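Trainee: Pasting in a structure now, in structure tokens, and then I'll have a few things to ask.
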Amino acid sequence: MLPPTAIYTILISIALIIASIWANDNFNFLPDVASANAPIYDELFKVLFVIGIILFVGITALVVYSLIQFRRKPGETEDGLPIEDNLPLEILWTAIPAIVVLFVGLYSYDIYERMGGMQSLSDAHGQHSMHAEERIWGGIGTTSKESAYTKASSLVNVELTAMQFAFLFNYPEGGIISGELHVPAGQPVSMRMESKDVIHAFWVPEFRLKQDVIPGQPTVLNFTPTKPGRYPIICAELCGPYHGGMRSTVVVEEPEEYQAWFKENSKQSEVEL
């Protein structure tokens with residue numbers, strides 16, 4: 001028969017776990033979901049959040065229970081019993097973390113693969129013929145020749161140049177150079193990224209995407225925006241004294257609005273980077 005303290009601890013722990021799961025399902029504490037990658041990443045976040053809550057509440061409950069149940073009684077002056085070599089307990093506290101870590105690792109790998117992160121990016125011929133002689137060092141998103149990206153006639157190609165302390169976006173088809181990233185909702189975008197000086201990182205929280213921009217090592221980021229709006233672009237790599245001010249904006253527009261913007265600005269093709 002468990003003591004009342006243990007029963008109360010277990011009941012409170014169960015109530016907190018149920019409340020945390022309910023709050024997680026009914027309230028959104030994350031930024032807007034504005035890309036096709038965002039729901040996949042949020043799924044991983046929710047699973048890790050629930051696991052973290054369970055571990056935190058469980059460990060805290062055990063500590064509180066131990067402090068109360070095994071506290072020094074009035075009049076006791078001796079040390080506690082020297083308990084050691086409890087093999088079942090050692091197996092239990094080794095097996096549980098091992099199972100949790102293994103599950104998190106496999107699940108994270110599955111999420112990364114579903115986001116296209118494990119696709120080979122060494123072949124740039126399918127997407128960037130103008131840079132076919134260069135090696136793409138890494139990135140997120142499918143880039144193989146058979147992928148939906150390379151087959152899509154509506155694929156939007158953008159070249160990003162990062163420098164202290166700004167992002168510049170080049171649209172090769174229209175000769176457009178812009179300080180803001182304009183993309184159409186519902187159409188795949190492939191962005192080739194290079195840095196002119198130090199390591200930067202392109203991060204849009206609403207897209208749940210972040211990719212390093214490394215000098216001398218071009219990287220690629222493929223994504224599909226889904227929700228029209230204006231979202232901040234943040235440099236997520238400490239790149240110098242004005243790193244905090246290295247920001248821009250991605251404007252996700254309806255396809256008709258994007259075409260109008262593209263047609264209007266493609267007349268400035270004579271502008272050189």
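Trainee: Mind checking which pairs have a first residue in region 27-39 that is within 13 Å of VAL252 (Cα to Cα) and a second that is in a loop (DSSP other than H, G, I, E, B) and open to solvent by 80 Å² or more (accessible area, probe 1.4 Å), Cβ under 9 Å, 6 or more apart or different chains?
Mentor: ASP32/LYS227; VAL33/LYS227; ALA34/LYS227; SER35/LYS227
Trainee: Residue check: is TYR65 closer than 30 Å to TYR231 by Cβ and of a type in the set (Phe, Trp, Tyr)? Even if it seems obvious, please write down each step before you answer.
Mentor: On the way: closer than 30 Å to TYR231 by Cβ: no; of a type in the set (Phe, Trp, Tyr): yes.
Here the answer is no, as TYR65 does not meet what is asked.
Trainee: From the list GLY80, GLY75, pick out the single residue that is at positive phi and assigned to a loop (DSSP other than H, G, I, E, B). So that I can check it myself, show each step before the final result.
Mentor: Values: GLY80 fails: at positive phi.
Selected residue: GLY75, the only one of GLY80, GLY75 that is at positive phi and assigned to a loop (DSSP other than H, G, I, E, B).
Trainee: Which residue is farthest from TRP203 (Cα to Cα), if the candidates are limited to region 16-26 and must be without any contact (Cβ under 8 Å) to a residue 24 or more places away in the chain and open to solvent by 60 Å² or more (accessible area, probe 1.4 Å)? Spell out the reasoning first.
Mentor: Within region 16-26, the subset without any contact (Cβ under 8 Å) to a residue 24 or more places away in the chain is 18-19, 22-23, 25-26.
Still in the running and open to solvent by 60 Å² or more (accessible area, probe 1.4 Å): 18, 22, 25-26.
On the way: ILE18: 33, TRP22: 30, ASP25: 26, ASN26: 27 Å.
Only one residue tops the list, namely ILE18.
Trainee: From (1) in contact (Cβ under 8 Å) with a residue 40 or more places away in the chain; (2) open to solvent by 40 Å² or more (accessible area, probe 1.4 Å); (3) within 19 Å of ILE177 (Cα to Cα), pick out the condition that doesn't hold for ALA260.
Mentor: Condition (1) is where ALA260 drops out.
Trainee: Is it the case that some residue within region 29-38 is part of a helix (DSSP H, G or I) and loosely packed, with under 14 Cβ neighbours inside 10 Å?
Mentor: Here is the first cut: in region 29-38, the residues part of a helix (DSSP H, G or I) are 38.
Then keep just the ones that are loosely packed, with under 14 Cβ neighbours inside 10 Å; that gives none.
No: zero hits.
Trainee: Has region 178-201 got any residue that is assigned to a strand (DSSP E or B), over 19 Å from VAL33 (Cβ atoms), in contact with a Phe, Trp or Tyr (Cβ under 6 Å, 6 or more places away or on another chain) and open to solvent by 40 Å² or more (accessible area, probe 1.4 Å)?
Mentor: Within region 178-201, none of the residues are assigned to a strand (DSSP E or B), over 19 Å from VAL33 (Cβ atoms), in contact with a Phe, Trp or Tyr (Cβ under 6 Å, 6 or more places away or on another chain) and open to solvent by 40 Å² or more (accessible area, probe 1.4 Å).
Trainee: Could we say that THR60 is among the hydroxyl-bearing types (Ser, Thr, Tyr) and modelled with pLDDT under 75 here?
Mentor: Numbers: among the hydroxyl-bearing types (Ser, Thr, Tyr): yes; modelled with pLDDT under 75: no.
Against the criterion (among the hydroxyl-bearing types (Ser, Thr, Tyr) and modelled with pLDDT under 75), THR60 does not qualify.
The values are calculated or read from the model by the stated rules, or taken from the named source; none is laboratory data. For clarity, every value in this text was computed on a predicted model and none was experimentally measured. Using ideal geometry, Cβ is built from the backbone for each residue, glycine included, and neighbour counts are taken over all protein chains shown. Accessible surface areas use protein heavy atoms only, side chains included; no ligands, DNA or RNA. Shrake-Rupley method; radii C 1.70, N 1.55, O 1.52, S 1.80 Å.
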